[in-house]
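We did not get these values from a lab; they are worked out from the coordinates using the rules stated. All figures in this text were calculated on a predicted structure; none of them were measured in a lab. All Cβ positions, glycine included, derive from the backbone under ideal geometry; neighbour counts span all protein chains shown.
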Amino acid sequence: MTLARVAPVVFVFLWSTGYIGAKYGLPFAPPFTFLLLRMVLATMALLLIARVLKTPFPKSWLEVRHAAVAGLLLHAGYLGGVFMAIQLGVSAGISSIIVNLQPVLVSSLAARILGETVTTRQWFGLTLGFVGVLLAVGEKFLAASQNPVNPWGIVACVVALISSTVGTIYQKRNATQIPLVTGTIVQYIAAGLVFAVLAFTLEPVHIDWTLQFVFALSWFVLVISLGAILLLMWLIRQTSASSVSSLFYLVPPLTALEAYFLFGERLGIAALLGLVLCAVAVALVVGAPKAKA
């Protein structure tokens with residue numbers, strides 16, 4: 001019970017730091033090269049953990065396939081789309097608004113595909129959370145709207161949105177019985193192969209090994225790829241897809257708070273109000289009584 005209460009809070013905090021880590025690390029390596037290196041190191045670390053814990057690997061090729069597909073969606077599609085959008089000049093505000101449509105889409109699909117019942121209270125929470133996200137990133141969105149937006153960057157955001165949505169549903173439906181650590185290894189290998197192709201075909205594979213880059217890479221591998229991702233996989237197993245996806249509403253406003261303290265980025269009244277609305281929204285969705293379909 002204690003882990004079930006603490007895990008969502010820890011996950012949201014860890015996940016939100018990914019945007020801060022990207023700001024630290026991306027100036028020193030192209031995005032797909034960065035992601036490829038992250039997947040390689042995270043896979044090596046998980047292999048060591050699996051060996052120490054003697055965790056069995058997926059029992060059949062069907063389980064391997066399910067884990068690989070989930071990895072392509074949750075890691076390659078989502079991360080690749082977001083990083084490509086950033087590379088193409090899409091602002092954090094616009095990308096956050098697009099990608100954080102995910103909770104509404106996941107809840108709609110969960111009701112149809114997984115048979116999960118989404119109550120009126122939860123739909124109200126989902127709507128309230130989306131309004132909170134709009135307020136939290138509204139200032140950056142308005143600033144960015146004065147400049148032309150690369151349409152291919154918007155396409156990349158939509159790819160990330162669809163990938164994370166379908167990936168959450170797919171993981172919940174097909175991959176919850178696969179061993180957590182070794183299943184994640186398969187996911188990382190599948191995503192890493194995609195990033196390898198993209199890096200070696202689209203980018204100059206060059207890394208500036210500064211102390212700042214090493215710190216950012218270490219944070220991504222140890223804290224996010226091992227901590228946040230494993231927590232996400234565990235949460236998908238333990239609760240409904242709608243409840244898990246609603247947690248992503250808290251990421252943009254929390255990231256805005258972190259950017260304010262770390263980089264001095266302005267945090268207005270709208271952003272603070274958005275943070276409050278997102279917190280209320282997640283409480284409504286996650287704390288709603290469970291209902292049978």
*To the nearest 0.05, how large is the calculated FRET efficiency for V52 and T127 if R₀ is 35 Å and r is the Cβ-Cβ distance?*
0.20
_Could you check the spin-label model distance between V276 and M44? Points 7 Å from the Cα along Cα→Cβ, value in nm._
4.8 nm
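Given a Förster distance of 41 Å, report the FRET efficiency between V155 and R5 from their Cβ-Cβ distance, rounded to the nearest 0.05. Mind dumping the intermediate values first?
On the way: r = 39 Å, r/R0 = 0.95.
For V155 and R5, the calculated efficiency is 0.60.
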_As a footprinting exposure proxy, order K59, K23 by other Cβ within 10 Å, with the fewest listed first._
K59, K23
_On a full-extension model of 0.36 nm per residue, what is the gain between F13 and T201, subtracting their alpha-carbon distance, rounded to one decimal in nm?_
64.3 nm
_Summed residue charge, Cβ within 14 Å of V186's Cβ, Lys/Arg positive, Asp/Glu negative_ = +1
